[in-house]
Amino acid sequence: MIFQGMLLGSPALAKVEQNTLSYGDLLQKIDANQVTKVEIDPATKIARVTLKGQSSTAPRQEVMLFEQNPELIERLRDKNIDLDVQPSGDNAAVLGVAANLLLLLFLMAVLMFVFRRSSNSSGQAMNFGKSRARFQMEAKTGIKFDDVAGIEEAKEELEEVVTFLKQPERFTAIGARIPKGVLLVGPPGTGKTLLAKAIAGEAGVPFFSISGSEFVEMFVGVGASRVRDLFKKAKENAPCLIFIDEIDAVGRQRGTGIGGGNDEREQTLNQLLTEMDGFEGNTGIIIIAATNRPDVLDSALLRPGRFDRQVIVDYPDLKGRREILDVHARNKKIAPEVSLEAIARRTPGFTGADLANLLNEAAILTARRRKEAVSELEINDAIDRVVAGMERTPLVDGRKKRLIAYHEVGHAIVGTLSPHHNPLEKVTILPRGQALGLTWFTPAEEIGLDSKSQILSSITATLGGRAAEEIIFGNDEVTTGAGNDLEKVTERARQMVTRFGMSELGPVALESPNGEVFLGRDWGNRSEYSEEIAARIDGHVRSIVDHCYKEACRIILENRSLIDMLVDLLLDHETIEGDRFRQIVDEYIQKRKQELVLPSAPLKESV
């Protein structure tokens, strides 16, 4: 009704706003003999007035009338003014019907929209059990084995998988069985997913790719249904490849936690185990899975017959990093003086993703600085940014800046003069990330294989900053800057005692490397050692840290003048490279040796 009233009333309102007269003005103009003709429309209650001297083309004045207008009719007759009654067609009924039809059509459209949404929802509910794997008859990933570098052993293992699919008769002729599954295990960023893309690009067979989390759904039974649907499609397109990324999302150990685990997830895993190696065979289907958490996977999933091979995709070595840099430098403008070999030597412990990010950051810095090619300066800045974070505003407070300089030089001088320690890369007092100053040492290639002397040298160098603060400024002026250093040395010393057998307790492992990852697995287990052994562990940890701290203080005291000179140089330049730092230290040591070895004076004969 409101809509209909608005539709019907709006034309009249629009007309009233144009060329209107009030009822009183009309009576006054009649009395003044200014009106020549009046036309009355009883349907709309409007009088159209023609004034004297008005042209025939000019619009006439309109006056809203009352229901009864006896006074107006009487005055028009007294003045002998031409009065004409012309009723207009009444369109109100037609407009009312049209308004009602429009409203009815609108309501019908809303109902159709609601019904269509409900039908789509019901259709989606019926499709919950369908597999969401991406399917390609020939996966055109654009990546070949030539684009994968730094992990040659893993490439060789997976190149055999491609040969199995392309020429299976070579192996079946001598009784060899094609492996059913290959599990890629390695830290994040080492190239597991990239290897799967390379297999898809090389194999030339149908390829299914899915993430482990896509099997999990809020509805009961959906995960197992999706597993069945995935393998059904794969059998229809055999021989083919199935790639499951992050399989630990669905393949975690069963029966974990207090009171059991997630039954729905376990049913999904049970269905996956059955499909991989159950009563029904899946000939011609090779499953490739990737994870960086092999410790949480169920043992039934890892046995031969399901995942026959476990390929370790580890950190690349020096040669591997050099090859990875060659791959990622193909589409970048690198200056001729930049040595990729030197970059590879400076980045031990970097994964393929880290090296790709390094060159990308260098390219971004080059574009920001409006240079034509990536130079050595951009590479160095990119390494600093990837390792330590973005550079912040330099410090202004002179006292705080000097304290930080002594702290960082303490790390650098103790590390340089400690035997078996990694070489210094750089020392700086420019803030980066959360650190106000940084001292970087280049780690050795043999990551994870350290001797006792190397660990003790590392602890001593880490305590060099705190030792410098105490010796230079006094015990009351030490700061919280060494908080993270103390955490590291305490943890490292405890590992020497409880895991590596590098103490008087003997070659025994008293603690496991990693705690139990599932809640409830260690419920009711006794402690691995007694309270007496725990007290002895604490004593040995303290003894190791105290010995290393005293050694750091000794190095600081014996080289006090050298440290003062290096601090002044660091305050002036804010950064000292490792080669320059070692050169200054060697020159100082040689000079001190010459001063200690003085020529003996000739003895005079006594009379």
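Condition check for I383 on (1) in a loop (DSSP other than H, G, I, E, B); (2) not assigned by TED's automatic domain parsing to the domain that holds D572: one failure, at (1).
The set of residues from region 315-364 being assigned to a loop (DSSP other than H, G, I, E, B), within 26 Å of the chain's Cα centre (by Cα) and acidic (D, E) comprises just one member, D317.
If you go through region 407-423 and keep only what is buried (at least 24 other Cβ atoms within 10 Å of the Cβ) and within 32 Å of the chain's Cα centre (by Cα), you end up with just E408.
Just wondering, is there one or more residues in region 482-492 that are buried (at least 17 other Cβ atoms within 10 Å of the Cβ), under 19 Å from V541 (Cβ atoms) and of a type in the set (K, R)? Checked against the condition, which is being buried (at least 17 other Cβ atoms within 10 Å of the Cβ), under 19 Å from V541 (Cβ atoms) and of a type in the set (K, R), region 482-492 yields at least one hit. On the basis of being part of a helix (DSSP H, G or I) and at pLDDT 85 or above, does Q271 make the cut? Spelling it out, Q271 is indeed part of a helix (DSSP H, G or I) and at pLDDT 85 or above.
Among the residues of region 150-169, those identified as touching a helix residue (DSSP H, G or I) at 6+ places or on another chain (Cβ under 8 Å) and acidic (D, E) are E152, E159. Name the single residue that is surrounded by the most Cβ atoms within 10 Å (Cβ to Cβ) among those in region 161-209 being in a strand (DSSP E or B) and of a type in the set (G, A, S). For region 161-209, the residue satisfying everything is G181. Out of all the residues in region 1-43, which are modelled with pLDDT of 75 or more and polar (S, T, N, Q)? Within region 1-43, T20, S22, Q28, N33, Q34, T36 meet the criteria.
Regarding region 64-74, can at least one residue be identified that is in a helix (DSSP H, G or I), modelled with pLDDT of 75 or more, surrounded by fewer than 10 Cβ atoms within 10 Å (Cβ to Cβ) and out of contact with any His (no Cβ under 8 Å at 6 or more places or on another chain)?
Scanning region 64-74, I find at least one residue that is in a helix (DSSP H, G or I), modelled with pLDDT of 75 or more, surrounded by fewer than 10 Cβ atoms within 10 Å (Cβ to Cβ) and out of contact with any His (no Cβ under 8 Å at 6 or more places or on another chain), so the answer is yes.
Of a type in the set (A, V, I, L, M, F, W, C), within 25 Å of L463 (Cα to Cα) and touching a residue at least 24 places away in the same chain (Cβ under 8 Å): which single residue out of A388, A353, A344, A373 fits that description? Selected residue: A388, the only one of A388, A353, A344, A373 that is of a type in the set (A, V, I, L, M, F, W, C), within 25 Å of L463 (Cα to Cα) and touching a residue at least 24 places away in the same chain (Cβ under 8 Å).
The values are calculated or read from the model by the stated rules, or taken from the named source; none is laboratory data. Please read these numbers as outputs of a predicted model, since none were measured by experiment. Positions of Cβ are generated from backbone atoms using ideal geometry, with glycine treated the same way; all protein chains shown enter the neighbour counts.
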